[in-house]
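Computed from the coordinates by the stated procedures, all read-outs in this text should not be read as laboratory data. It should be emphasised that the depicted structure is a prediction, and the values quoted were computed from it without experimental measurement. Quick reminder, even Gly has a Cβ in these numbers, built from the backbone with ideal geometry, and neighbours come from all protein chains shown.
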Amino acid sequence: MDFGNMLSGLPFQAGVVTRMLTPENPTGAKGAAAPWAPNPDDPHLAFSRPAIDLGKGWKVRPFIGLKSGETVTIADIAGPGSIAQMWMTSDLTEFRALVLRMYWDGEVNPSVEVPLGDFFAMGHDAAPHTVTSMPVTVAPLRGLNSYWPMPFRKHARITISNEGPIDARIFTYSIVYRLQAIPDDAAYFHAQWRRGLTKREYPEHTIVDGISGRGVYVGTYLAWSALSRGWWGEGEVKFFIDGDNDLATLCSTGTEDYFGGAWCFYRDLANDRREQEFSSPFLGLPLARIDDPRGPRLFSLYRWHILDAIGFTRDLRVTIQTLGWWPDRKYEPLTDDIASTAYWYQAEPHAPFPTLPPVSARWGR
């Protein structure tokens, strides 16, 4: 992937067939956007009253509602093509109750199954924050943007499910896609979410395992709740590739090292041992909530393997350890709450995902 050609390639895209799905054009059809006349009696035309003096073609349906237990298909696209950009948001406080699923080329099991905020690297609903990176941006306030390219050959389907107990009055989105030929060797986008409490007896969280086939790993996002005092990120990230068993092929030298920082992300090692938030194109710590007396410390961490993608030909497993320090300078095994999202491309079919936990087991701290 040559990011140096992002701008230089634009003159050669003239005439590309571009479409956008929104509540104002839910089919993406040509010449079909904003077709409704205001009708205050129609609950599906939420902005009829503000547009009543303007008439047809104005802002009448900029969002949809999403009732508790409801699933809505927000993309149903005949291929070949590729999704280029997505934007979403909701008035629902708990984004963990909303689950984003994506299905490529008629598959029964989703290739993407992730709670809404976590997919966009904002997994702590109690502490919404911004993200400034190459493939993902979270803009004020909870404006979720993705630029991961997502090719498909025959069909793409994207759904959003409200699995929580509260209705969402507002859910809104835009999905930009291009109708174009897809090369035979193009792989499909995948993302999977997991959450767990590590144990002192074996302080390790599995970010993803069971990936089977040929592909490339492109990203890690962690919503980390540190439940112990002191430094929490001494553990290593390990990639077990193509038949690795006990020993991994790729191994970081510490949590903050894998996410691009050093010396515990501290602002000043000698004088200010508080984690310093930062966001950059490929890695970041966009949230470090360390001063809330009512709860644990909350950290968001992302690492996009875009210029350093990790290829595999048979299988892949990724883990992270949770270690701190005892006063005697030995490693302290930690019990921490970690929710992870793994991002990768692979040839289909993919292995079945673990069952997504019920919403009560997803709520963040």
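Backbone geometry of segment 43-56 corresponds, through the Karplus equation with coefficients 6.51, -1.76 and 1.60 at θ = phi - 60°, to 3J(HN,Hα) couplings of x, 7, 10, 5, 9, 4, 5, x, 9, 4, 8, 9, x, 5 Hz, x marking Gly and Pro.
Defining a contact as two alpha carbons under 8 Å apart and six or more residues distant in sequence, what relative contact order in percent does segment 107-260 show?
Working: 139 pairs, mean separation 28.2, N = 154.
This gives 18 percent for segment 107-260.
Total lysine pairs in the chain at Cα distances under 24 Å, for residues eight or more apart or on different chains: 7. Among 222-231, 64-73, 183-192, sorting by the average number of other beta carbon atoms lying within 10 angstrom of each residue, highest first, gives 222-231, 183-192, 64-73. Across segment 63-186, Cα pairs under 8 Å and at least six residues apart give a relative contact order of 47 percent. Considering helices alone, the calculated mean residue ellipticity of the chain at 222 nm is -500 deg cm²/dmol, with DSSP H runs of length four and up weighted by -39500 (n - 2.57) and normalised per residue. Around the amide H of VAL218, modelled in the peptide plane, lie the amide H atoms of TYR343, TRP344, TYR345, all under 5 Å away and 5 or more residues distant in sequence or on another chain.
Spatially, segment 269-312 and segment 324-356 are offset by 15 Å when compared through their Cα centroids.
Any idea what the relative contact order of segment 83-122 is, in percent, if you count C-alpha pairs under 8 Å spaced at least 6 apart? Walk me through the intermediate numbers first.
Values: 36 pairs, mean separation 14.0, N = 40.
The normalised contact order for segment 83-122 reaches 35 percent.
Phi angles across segment 9-24 convert, under the Karplus curve 6.51 cos²θ - 1.76 cosθ + 1.60 with θ = phi - 60°, into 3J(HN,Hα) values of x, 4, x, 9, 9, 4, x, 4, 7, 10, 9, 9, 9, 8, x, 7 Hz, Gly and Pro given as x.
For THR322, the amide hydrogen comes within under 5 Å of the amide hydrogens of GLU204, HIS205, LEU334, counting only partners 5 or more places away or on other chains and with H modelled in the peptide plane.
Compute the separation of the alpha-carbon centres of segment 5-29 and segment 222-240 and state it in Å as a whole number. Spelled out, the Cα-based centre of one part sits 40 Å from the other. Summing charges over neighbours of VAL318, with a neighbour being any other residue whose Cβ is under 9 Å away from its Cβ, gives +1 when K and R count +1 and D and E count -1.
The phi-based Karplus calculation (6.51 cos²θ - 1.76 cosθ + 1.60; θ = phi - 60°) puts the 3J(HN,Hα) values of segment 167-179 at 5, 8, 5, 10, 9, 9, 6, 9, 10, 9, 9, 10, 8 Hz, whole numbers, x for Gly and Pro. Among the listed values [x] 62, 48, 37; [y] 73, 49, 39; [z] 92, 49, 43, the one computed from these coordinates for Cα extents along the principal axes in Å is [y]. Here segment 187-351 is assigned +1 on the Cβ of each Lys and Arg and -1 on the Cβ of each Asp and Glu. Its dipole about the Cα centre then comes out at about 300 debye.
Given their separation in residues at 0.36 nm each and the Cα-Cα distance between them, ILE166 and ASP257 gain 28.8 nm when the chain is fully extended. Between TYR331, ALA361, MET86, the Cα set farthest toward the positive side of the dipole of the chain (charges on each charged residue's Cβ, about the Cα centre) is that of MET86. So which trypsin sites (Lys or Arg not before Pro) in segment 92-201 end up in coil per DSSP with only 11 or fewer other C-beta atoms within 10 Å? Those satisfying the criteria are ARG200.
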